[in-house]
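Scroll down for the structure; my scribbles are underneath it.
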Amino acid sequence: MSVDSTFRLNPRRRRHPARSAAVFLCFAVVAMSPPRARAASAPREMVVAESAPAAQAGLAMLKQGGNAVDAAAAVSLVLGVTNAGSCGIGGGGFMLIYWAKTHQLYALDYRETAPGAARADMYMRNGKPDEDLARTGALAIAVPGEVAGLDAALTRFGTMKFAQVAAPAIKLARDGFALNPHLAKEIAFVAPMIQADPAFRSVYFTTDGHPEPAGAMIYNRNLAATLTALGDHPAANFYHGTIAAQLAGFVKAHGGILTAADLAGYRPLWRDPIHLPYAGYEVYTMPPPSSGGVVLEILGMMATGQVAGLGVDSPPYLARLIEMMREGFIDRAQYADPAFVNVPVAALLSPAHLAQARDRALHHMAAPPGAAAHDHGTSNFAVADRYGNVVDVTTTVNTIFGAKLAVPALGVVLNDEMDDFGVAPGVPNAFKLAGEKNNEVAPGKRPLSSMSPLIALKHGRPALVAGGAGGPTIISGVTQIALDVLAFHLGPAAALNLPRIHDQADPDMVFVEASMPPQTIDQLRAMGYRLKLVPELGAVNAITIEAGELSGAFDLRKGGGAAGD
Ligand code: DON
């Protein structure tokens, strides 16, 4: 057995600044055996998404002459119907665009914001944090950004009107769609929390109150009517007038603080993407309040020299990756909404910092985690069009069915994105990310996100488009796929098929997919790593682009579709 002694315990190890209880979420709903990805290739255009109807809707837009941004809007809206536990117009997201005409990257932030009445201590009760309030119920709801984001993207880059891109979603919501196994499992999982609610009950439960099984036809006619009512002026119609009043009235009736004025004040933001050279590519991602910088930092630490001569699935490579991942997650504590906190992205990505971070060896033993819980909200997809534009979107309502509240008359599921803030210093959120002062609640502030859409350019043209779902495993998953493709030259399906690892520094534990070969697991243990085997870690989608050939793959850990032409 060969083990790499570089990764033995090091007394200079750096601790995570805020410790949390060692309870951890397993991001899996179902264990699946390999293969874990399904792929497609096409010469001109490609869509990969966590739902086959969504990928088809995107391709339909491209075939109707639309571009990648038109397709992205259509895919987002369909995902909000077919994957409503993960995302929808009651949530928000990030869109990263490469625009061929300008050879530029654009980052659109339509993350939810804290309502105007939100306060840093809003989840304290009798002097103690009650983090459940940030996760379930009306106080968990942040101002949705999805509709404003799609409107802004279409207005700037689209060629189609909103009603045209919304047509596939409206049809599916109105005329029905077959419940996919992933959403069926999510419904069953959260059934005790949502089955009494009339809005969920009427859509996702049988008349005698059981969760609908996979394959059952699902209708959300109220959502179809809401999407129709958005017309060709979606932001104006969602954030003002009847829909806004209904939404705010519902939140108020349920004890929340989000108001019609909060909705009227919501604005998506165009931000400058951040980037780093890696292995002959220029890798772009979302700036704060995304954790894209953490992906870049881990990549930067894993500079080509660090991987040279190591096998993509070899224990020495994985050990190195664990160490770098942990460093990146420790620095994630410095990330938050840049309008409220100075995030030193340039310093964190500087060669000096990367070298220093790389030099730290960190691994250490820890108490085993407690009971695992399930979670799997969020959806990622990627689009490449025939004009050379590419888009990656990650969109979410946070945990499964967000705040577990839906507005009955609107058919809209409301997010629980407030849980992405630190409820109190050191208090872990649903993904066991410890609360940091940087990321405390403030009115109008955007919670720190792990969503990290990524586009890598080679000679100025997109070569890889990727992103993922699964809370902090987005960061580790996207990083691993980027390494697999950019450093090891694997195709997207081969990359997605590899078992993944995850180390977020806190809890002190390396999470390893159970499909990892037993001898690799033994060797990592022999190096001193405390491993926790989990069925699966998040879901990633990716498209690679070479001259005349687009290869797309979606992750069977969650299911989906790849459609190309
Ligand atoms: O923005 C974030 O980081 C979280 N709201 C993402 C949640 C997520 O991926 C849920 N999946 N397990």
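Suppose we keep only residues that are open to solvent by less than 20 Å² (accessible area, probe 1.4 Å) and more than 17 Å from the chain's Cα centre (by Cα) within the stretch 414-425. Which one would you say is farthest from the ligand (Cβ to nearest atom)? Across the stretch 414-425, the extreme among qualifying residues is Ala424.
Give just the number: which of (1) away from the ligand (no atom under 13 Å from the Cβ); (2) closer than 30 Å to Arg125 by Cα; (3) of a type in the set (D, E, K, R) does Asp385 not satisfy? For Asp385, the exception is condition (2). The C-beta contact set for the stretch 404-433 (first residue in the same structural domain as Ala336 (by TED's automatic domain parsing), second residue hydrophobic (A, V, I, L, M, F, W, C), distance under 6 angstrom, 6+ apart or interchain) is empty.
Scanning the stretch 96-114 for residues that are closer than 19 Å to Gly468 by Cα, within 14 Å of the ligand (Cβ to nearest atom) and in a strand (DSSP E or B) returns Asp109, Tyr110. In the stretch 500-522, is there at least one residue being under 19 Å from Tyr284 (Cα atoms) and either open to solvent by less than 10 Å² (accessible area, probe 1.4 Å) or not small (Gly, Ala, Ser) (or both)? Within the stretch 500-522, none of the residues are under 19 Å from Tyr284 (Cα atoms) and either open to solvent by less than 10 Å² (accessible area, probe 1.4 Å) or not small (Gly, Ala, Ser) (or both). With the requirement that a residue be touching a Ser or Thr at 6+ places or on another chain (Cβ under 8 Å) and either within 16 Å of the ligand (Cβ to nearest atom) or in a strand (DSSP E or B) (or both), what does the stretch 514-535 give you? The answer is none; no residue qualifies.
Residues in the stretch 273-292: is at least one in contact with a helix residue (DSSP H, G or I) (Cβ under 9 Å, 6 or more places away or on another chain), within 16 Å of Ile89 (Cα to Cα), open to solvent by less than 10 Å² (accessible area, probe 1.4 Å) and among the aliphatic types (A, V, I, L, M)? Checking the stretch 273-292: not a single residue is in contact with a helix residue (DSSP H, G or I) (Cβ under 9 Å, 6 or more places away or on another chain), within 16 Å of Ile89 (Cα to Cα), open to solvent by less than 10 Å² (accessible area, probe 1.4 Å) and among the aliphatic types (A, V, I, L, M). Quick one: would you say Gly467 is crowded, with 21+ Cβ neighbours inside 10 Å, assigned to a strand (DSSP E or B) and at pLDDT 95 or above? Judged against the criteria, Gly467 is a match. Taking the criterion of being away from the ligand (no atom under 12 Å from the Cβ) and either open to solvent by 10 Å² or more (accessible area, probe 1.4 Å) or in contact with a helix residue (DSSP H, G or I) (Cβ under 9 Å, 6 or more places away or on another chain) (or both), would at least one residue in the stretch 446-453 satisfy it? No, because not a single residue in the stretch 446-453 is away from the ligand (no atom under 12 Å from the Cβ) and either open to solvent by 10 Å² or more (accessible area, probe 1.4 Å) or in contact with a helix residue (DSSP H, G or I) (Cβ under 9 Å, 6 or more places away or on another chain) (or both).
The values are calculated or read from the model by the stated rules, or taken from the named source; none is laboratory data. Since the model is a prediction, treat every value here as computed from it, not as a measurement. Heads up, the Cβs are rebuilt from the backbone with ideal geometry, glycines too, and the neighbour counts pull from every protein chain shown. When the accessible area is computed, the model is the full protein with side chains, heavy atoms only, and any ligands, DNA or RNA have been set aside. Shrake-Rupley method; radii C 1.70, N 1.55, O 1.52, S 1.80 Å.
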